[in-house]
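Here's the structure we're looking at; comments come further down.
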Amino acid sequence: MALKLPDKYLRNHLVPQIMQHLQKEEFVSYEIDHSPGLDGFMSTLYIIKFKTKSAKSVKERWFILKVMRGERDFRQSSKSYIQFANEIYFYTSVLAAFKEAMEVAEECPVKVEDLLPKCYVAEFGYIEGLSSNVKDVESVLVLEHLKPLNYRMGPRLYLKFEHLLAMSRLIGKYHAFSYALRSTNITKWNQLIAGIKPLPFIDIKRPDEDKNNFYRILYRVAFDRFFDYLERHKDDNIFDSSNDKDVKLIENLKKLREKYFHEPCKLLENLRTKVLINEDDNNFAVILHGDYNRNNVLFKHKNQEQEASLNELEDIKMFDFQELRYGSPALDLSFFMYFNTPEDIRSEIWSDLLVCYHTNIISILSNNLKAHQKTSDEIFRILSYYSFENFQKHFTRFGFYGVMICLHFLPWMLCSEQECEQLSELFAVNVHSDEFYQLSMNAGGDMVNSKLLAIVRHASEMGYMEHI
């Protein structure tokens with residue numbers, strides 16, 4: 001259900017907040033339109049067309065307005081209050097801290113604000129003119145709409161190598177800001193991560209008190225679906241018993257089922273929290289995007305009139321920080337890489353994507369350490385710790401996380417648009433219903449299931465399942 005936005009709130013509160021960023025301009029008018037096709041699973045999105053005038057001309061700008069979706073029960077069960085609070089925290093606190101850490105490095109070619117659309121309004125809590133009472137929590141986020149600047153989403157799911165490299169570079173730059181701040185101002189870093197609200201997949205100590213947790217519902221059906229597929233096709237040669245890799249895969253699948261079938265979210269939570277208890281892994285921990293995949297990036301090509309296959313990529317930006325977390329960088333990387341790499345080239349390009357990511361980390365971090373006048377010995381020590389070899393070892397311990405997300409989410413993206421729309425609606429209306437469960441079990445059919453098995457097979461071959 002879309003939140004009804006009172007015109008009084010828009011005119012008396014939102015417009016003045018936007019105008020604070022448009023000094024020396026006079027407000028003329030605005031138009032707002034709810035576009036259901038843009039809505040997320042937990043958010044409602046509006047497009048605002050904004051007109052102002054200056055001494056020289058009349059200007060028109062486009063904005064995206066994002067608010068929480070659904071009523072209180074849905075927001076609580078979907079953890080919307082945590083997710084939207086963290087997203088606003090990102091725009092009001094995390095970005096500011098990253099900018100401060102990077103401003104010292106004047107020679108650095110990467111600026112924090114270059115990675116994402118400009119933010120005009122970011123509020124969470126009681127919002128005057130919008131909240132119905134003092135206990136009514138709302139979230140408002142207004143970002144620059146990049147469509148008029150020729151930014152577009154990529155293909156629905158699988159990306160070309162050029163776009164995959166661009167996504168690796170982008171997330172590498174973003175994660176580098178965490179390492180730069182941590183290496184130069186540990187007090188500020190600790191304060192910053194302390195402000196992130198924990199977003200657990202399950203309360204392992206008190207699982208019986210979290211029965212309505214929507215993660216449990218989503219991953220229950222994900223495991224049911226995947227292992228039902230394996231059971232139905234166990235005699236159909238989906239495994240080659242003469243192949244050592246498949247023998248190992250069968251052993252890994254048996255271990256996965258024995259350890260986590262009863263509670264899949266326990267594995268997700270273990271992967272989320274491992275950095276909190278392991279010092280070596282904790283040193284790699286970053287402030288994550290949390291939901292980094294092709295759905296949450298925009299691409300801009302140099303020549304919009306040219307055929308897409310021949311068009312050179314000019315820029316890329318990220319958005320949607322609802323699932324912001326503190327954790328292993330592999331949580332962002334492995335999700336994006338498993339989710340958006342085509343099956344036929346996945347193994348071939350896997351290492352290239354990791355190298356691209358790591359190269360950007362080291363380049364930005366090295367530049368920042370020099371700008372903060374760290375000694376040569378300090379710089380060598382820090383960069384040696386973040387060597388590609390150490391990074392690969394760390395990634396291997398967390399790489400299965402992306403597989404887990406795919407088991408739930410990939411069927412939504414590979415099924416028909418009609419099925420995806422039905423799943424999204426049922427998720428918002430009655431995620432506990434048998435209708436949602438059955439559709440989740442069957443959407444996209446065995447075509448999707450075979451692609452899920454290919455992802456798990458790759459993770460087994462890479463050694464990621466050794467650490468579950």
When segment 75-88 is checked residue by residue, the ones that are more than 14 Å from residue 140 (Cβ to Cβ) and crowded, with 19+ Cβ neighbours inside 10 Å are 75, 78, 79, 82, 83, 86
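With respect to residue 123, determine if the residue is of a type outside the set (A, V, I, L, M, F, W, C) and in contact with a Pro (Cβ under 7 Å, 6 or more places away or on another chain).
Details: of a type outside the set (A, V, I, L, M, F, W, C): yes; in contact with a Pro (Cβ under 7 Å, 6 or more places away or on another chain): no.
So residue 123 does not fit the description; no.
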Among the residues of segment 169-194, the number that are among the aliphatic types (A, V, I, L, M) and either open to solvent by 50 Å² or more (accessible area, probe 1.4 Å) or not in a helix (DSSP H, G or I) (or both) is 2
The condition from (1) modelled with pLDDT of 95 or more; (2) more than 27 Å from residue 459 (Cα to Cα) that residue 332 misses is numbered (2)
If we take segment 1-97, then strands (runs of 3 or more DSSP E) inside it with 1 or more residues that are hydroxyl-bearing (Ser, Thr, Tyr) are 26-34, 43-53
Cβ pairs under 7 Å, 6+ apart or interchain, first in segment 108-123 and more than 14 Å from residue 95 (Cα to Cα), second in a helix (DSSP H, G or I) and open to solvent by 40 Å² or more (accessible area, probe 1.4 Å), ordered by first then second residue, are 108/367
All-but-one check, residue 239 against (1) open to solvent by 60 Å² or more (accessible area, probe 1.4 Å); (2) more than 20 Å from the chain's Cα centre (by Cα), failing number (1)
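Regarding residue 351, is this residue surrounded by 14 or more Cβ atoms within 10 Å (Cβ to Cβ) and of a type in the set (Ser, Thr, Tyr)? Don't jump to the end; show me each part of the working.
Values: surrounded by 14 or more Cβ atoms within 10 Å (Cβ to Cβ): no; of a type in the set (Ser, Thr, Tyr): yes.
For residue 351, the condition - surrounded by 14 or more Cβ atoms within 10 Å (Cβ to Cβ) and of a type in the set (Ser, Thr, Tyr) - is not met.
With surrounded by fewer than 20 Cβ atoms within 10 Å (Cβ to Cβ), closer than 22 Å to residue 294 by Cα and of a type in the set (D, E, K, R) as the only criterion, which of 72, 152 stands out?
152
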Exactly one of 149, 159, 141 is in contact with a strand residue (DSSP E or B) (Cβ under 8 Å, 6 or more places away or on another chain), among the aliphatic types (A, V, I, L, M) and farther than 17 Å from residue 321 by Cβ, and that one is 149
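The values are calculated or read from the model by the stated rules, or taken from the named source; none is laboratory data. Worth saying up front: this structure is predicted, and the values here are computed from it rather than measured. Glycine also receives a Cβ, built like all others from the backbone with ideal geometry; neighbour counts cover every protein chain displayed. For accessibility, only protein heavy atoms count, side chains too; no ligands or nucleic acids. Shrake-Rupley method; radii C 1.70, N 1.55, O 1.52, S 1.80 Å.
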